[in-house]
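S.K.: What follows is a single structure, and I will ask about it in a moment.
The values are calculated or read from the model by the stated rules, or taken from the named source; none is laboratory data. Given the structure is predicted, the values throughout are model-derived calculations rather than measurements. Virtual Cβ from ideal backbone geometry, glycine too; neighbours counted across all protein chains shown.
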Amino acid sequence: MNTNISGHDPTRASDNQSSEEFYHGTKADLKPGDLIEPGFNSNYGKRKKASYVYLTATLEAATWGAELALGEGRGRIYIVEPTGPFEDDPNLTDKKFPGNPTKSYRSQHPLRICGEIIDWQGHSDEQLKVMKDHLERLKQLGIEAIED
């Protein structure tokens, strides 16, 4: 897998998880050193102002983030470094996947871009359609994908 990791030290431990690498999937065009911060409109649901930023320790979860984010650009997966404490993402862990097997987290502190995964593998068109149809059904039921 090709990465562009200028300035990234993979041996440096984060505050909460000793040596895991973290990712953020989006369509935003960012560069190393940029920050992803709460307070901007969410890429999901009603697009309300986000109280948290989201990160994951799995490429699978970051891939979904990159593919499902709103916007016209291509999906991107960034290697990120949390700048403060983070917690399990209750949108996934408590409601869908007890025990946090997706290794999904959220923080009220910025995430610093350390690099980008260049050659990640996306889901099939069929898998994307199934997920988008599921999200549309939830929307019709008034269930938000992200609850702050």
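S.K.: Quick check on the stretch 48-80: of everything there that is of a type in the set (S, T, N, Q) and over 9 Å from the mean Cα position of the chain (by Cα), which residue is modelled with the highest pLDDT? Reasoning before the result, please.
M.R.: Within the stretch 48-80, the first condition is being of a type in the set (S, T, N, Q), and the residues that meet it are 51, 56, 58, 63.
Applying the additional criterion that residues be over 9 Å from the mean Cα position of the chain (by Cα) yields 51, 58.
Values: Ser51: 86, Thr58: 93.
Selected residue: Thr58.
S.K.: So, one more: If a residue has to be farther than 15 Å from His24 by Cα, touching a residue at least 12 places away in the same chain (Cβ under 8 Å) and not in a loop (DSSP other than H, G, I, E, B) to count, how many in the stretch 113-142 make the cut?
M.R.: The total comes to 5.
S.K.: Can you name the residue in the stretch 109-148 that is more than 18 Å from Glu67 (Cβ to Cβ) and at pLDDT 95 or above and is also surrounded by the fewest Cβ atoms within 10 Å (Cβ to Cβ) among such residues?
M.R.: That would be His109.
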